[in-house]
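A quick write-up on the structure given underneath.
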Amino acid sequence: MLWVVVSTPFLLVGIAALTSASQHWEMRREVQAIAAAAARAGAQADGELLRVPVDRRTPSMLAAADRRAEQRARAVVAADDRAVDADAKVVTVEIVDDEVTVEVVARIRYVLAVPGMPMMVRGRASAVSIEAVRAEDRPGSTDGWGLGDEVAPAR
């Protein structure tokens, strides 16, 4: 009887710790997925910029395209149901050359909170924007998109 009285609190703390840990890991995966989706949205080809030849693009056009990329990334996080449930917010959207990096933070709502478990989780993801050309624009292409036989590396 004494053993049951002594071991029950430890057992309850262990169950709470395992439950909190699984919730933390699940939220980490969710926030990482949200950040990845936002980065991919930000890296999507900008329709207005694609209509202008590369040699005629001005710094103001590139800055406007960067602003639209940031708006797309933030819009994806705002519209994602998982992000709304997790109270996720975009912390930063960095655009360097053709790479868009998004960092998202979310609050974790534990069912059984254990002291020492973090209350916030961060996810960071990057995506690279690649402009492809049609095969008729590049003679000798074999894949139909003008990229040749190589495949662009995934990030």
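Structure summary
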{"item": "Segment 2-128 - Rg over Rh from alpha carbon coordinates, Kirkwood radius", "result": "1.25"}
{"item": "Simple spin-label estimate for Asp55 and Lys89 in nanometres, 7 Å along Cα-Cβ", "result": "4.7"}
{"item": "Phi-based couplings in Hz for segment 36-52 (Karplus 6.51, -1.76, 1.60; Gly and Pro marked x)", "result": "5, 5, 5, 5, 5, 5, x, 8, 4, 4, 8, x, 5, 6, 5, 6, 9"}
{"item": "Among 32-39, 90-97, 59-66, the order from most to least packed when residues are scored by Cβ within 10 Å on average", "result": "32-39, 90-97, 59-66"}
{"item": "FRET efficiency estimate (nearest 0.05) - Cβ-Cβ, Arg29 to Val4, R0 41 angstrom", "result": "0.65"}
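Just so you know, all these numbers are worked out from the coordinates, no wet-lab data involved. All values reported here derive from a predicted model rather than from experimental measurement. When we count neighbours, we look across all protein chains shown, and the Cβ atoms used for this are built from the backbone with ideal geometry, even at glycine.
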